[in-house]
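Let me begin by presenting the structure, written as structure tokens, before commenting on it.
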Amino acid sequence: LAQSSEDLSTLVEAVAAAELVETLASDGPFTVFAPTNDAFAALPAGTLETLLEPANQEDLAGVLTYHVVPGAVRAEDLEDGMTVTTVNGAELTIGVSDAGVSVNDASVVTADLEAANGVVHVIDAVLLPPSE
């Protein structure tokens, strides 16, 4: 699904650099909160370039797996204040209001895109995992 969307090309590039293509193409199901190209562009200068360097593959994988939740979670399943555990083990906090759905500090701009192995929600910011 992401490969067919021009607006998610940076995410596709990052998934390839982190060598997560096979993992995310597996049976799943997964829920992916997919940042747009503009979301990646809004990161502080040099952040994306640094993450894409081969020496930082593990850090990049940690950021990307923070956007993935096991199971197919649709917008109708989300409740305000709920937390979901990501593939990297950290939690995301969901917000639901009249303004829409948010994930941490990102807003869901397109919800419930069906993929062969789960569901994708397009978001307007890159989610950075909490530092340890």
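Every read-out reported here was derived from the displayed coordinates using simple, explicitly stated rules and does not represent laboratory data. None of the values given here were measured: they were computed from a predicted structure. So basically every Cβ, Gly included, is an ideal-geometry build from the backbone, and we count neighbours across all protein chains shown.
For Ala25 and Ala99 in one chain, what is 0.36 nm times their gap in residues minus the Cα-Cα distance, to one decimal in nm?
Working: separation 74, 0.36 × 74 = 26.64 nm, distance 3.21 nm.
This chain segment gains 23.4 nm when fully extended.
Contact order for region 1-115, expressed relative to its length and based on alpha carbon pairs under 8 Å spaced 6+ residues apart, stands at 20 percent. Evaluated with a Cβ-only charge set (Lys, Arg +1; Asp, Glu -1), the chain carries a dipole of roughly 60 debye about its Cα centre, given to the nearest 20. In terms of the mean number of neighbouring beta-carbon atoms within 10 Å, the peptides 92-103, 66-77 order highest first as 66-77, 92-103. Using the Cβ-Cβ distance between Thr110 and Met82 with R0 set to 25 Å, the FRET efficiency from 1/(1 + (r/R0)^6) comes to roughly 0.80.
Using mean Cβ contacts within 10 Å as the protection proxy, how do 58-65, 21-28 order, highest first? Let's see the in-between values first.
On the way: 58-65: 18.5, 21-28: 13.1.
Packing proxy ranking, top to bottom: 58-65, 21-28.
For region 56-132, the mean projected area of the C-alpha convex hull, equal to one quarter of the hull surface, is 5.4 nm².
Rounded to the nearest 500 deg cm²/dmol, what is the calculated helix-only ellipticity per residue at 222 nm for the chain, with -39500 (n - 2.57) per DSSP H run of length n ≥ 4? Let's see the in-between values first.
Values: 5 runs with 33 residues, N = 132.
Calculated mean residue ellipticity at 222 nm is -6000 deg cm²/dmol.
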